[in-house]
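Chemist: Take a look at the following structure, please.
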Amino acid sequence: MAIKRRIGKVLNATNLKTIIVGVSWLQNDPIYLKARRRISKFSVHDENNDASLDDRVLIEETKPKSKTKNWRLVEILEKSQSSMEDSNDQNFK
């Protein structure tokens, strides 16, 4: 069986070694016949605490790390503007 991979956006990065990633997908409405955007939230293991809020990340399914963590961070595809500004501020202090 193939390893599941998803691309999503970091919704919460306050915990140590854990981030919450939202993956959006479309669901067709049976009554109105329109597509609705839905978000699935995944608890993801981030070993080095690299990801920050609003980053686009690639995650993959792995063996369970805890009760809710079945995914791990593979790479950060795109850093958010706020995280880049924070790192620049730390360099000047």
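Chemist: Of all residues in the range 22-46, which are part of a loop (DSSP other than H, G, I, E, B) and open to solvent by 100 Å² or more (accessible area, probe 1.4 Å)? Before you say what the answer is, go through the steps one by one.
Modeler: Pass one, the range 22-46, residues part of a loop (DSSP other than H, G, I, E, B): 29-34, 46.
Answer for the range 22-46, where residues must be part of a loop (DSSP other than H, G, I, E, B) and open to solvent by 100 Å² or more (accessible area, probe 1.4 Å): 30, 31, 32, 33, 34.
Chemist: Can you find a residue that is among the polar types (S, T, N, Q), in a strand (DSSP E or B) and either crowded, with 17+ Cβ neighbours inside 10 Å or modelled with pLDDT under 95 (or both) anywhere in the range 10-21?
Modeler: The answer is yes; a qualifying residue exists.
Chemist: Condition first: within 21 Å of residue 66 (Cβ to Cβ) and among the basic types (Lys, Arg). Now tell me which residues in the range 1-53 satisfy that.
Modeler: 4, 5, 6, 17, 41
Chemist: Within the range 47-60, can you find the residues that are open to solvent by 70 Å² or more (accessible area, probe 1.4 Å) and either on the phi < 0 side of the Ramachandran plot or assigned to a strand (DSSP E or B) (or both)?
Modeler: 47, 48, 50, 53, 56
The values are calculated or read from the model by the stated rules, or taken from the named source; none is laboratory data. Just so it is clear, the structure is predicted and the values come from calculations on it, not from any experiment. Cβ coordinates were reconstructed from backbone atoms using ideal geometry, including for glycine residues, and neighbour counts include every protein chain displayed. Only protein heavy atoms, including side chains, enter the accessible area calculation; ligands, DNA and RNA are left aside. Shrake-Rupley method; radii C 1.70, N 1.55, O 1.52, S 1.80 Å.
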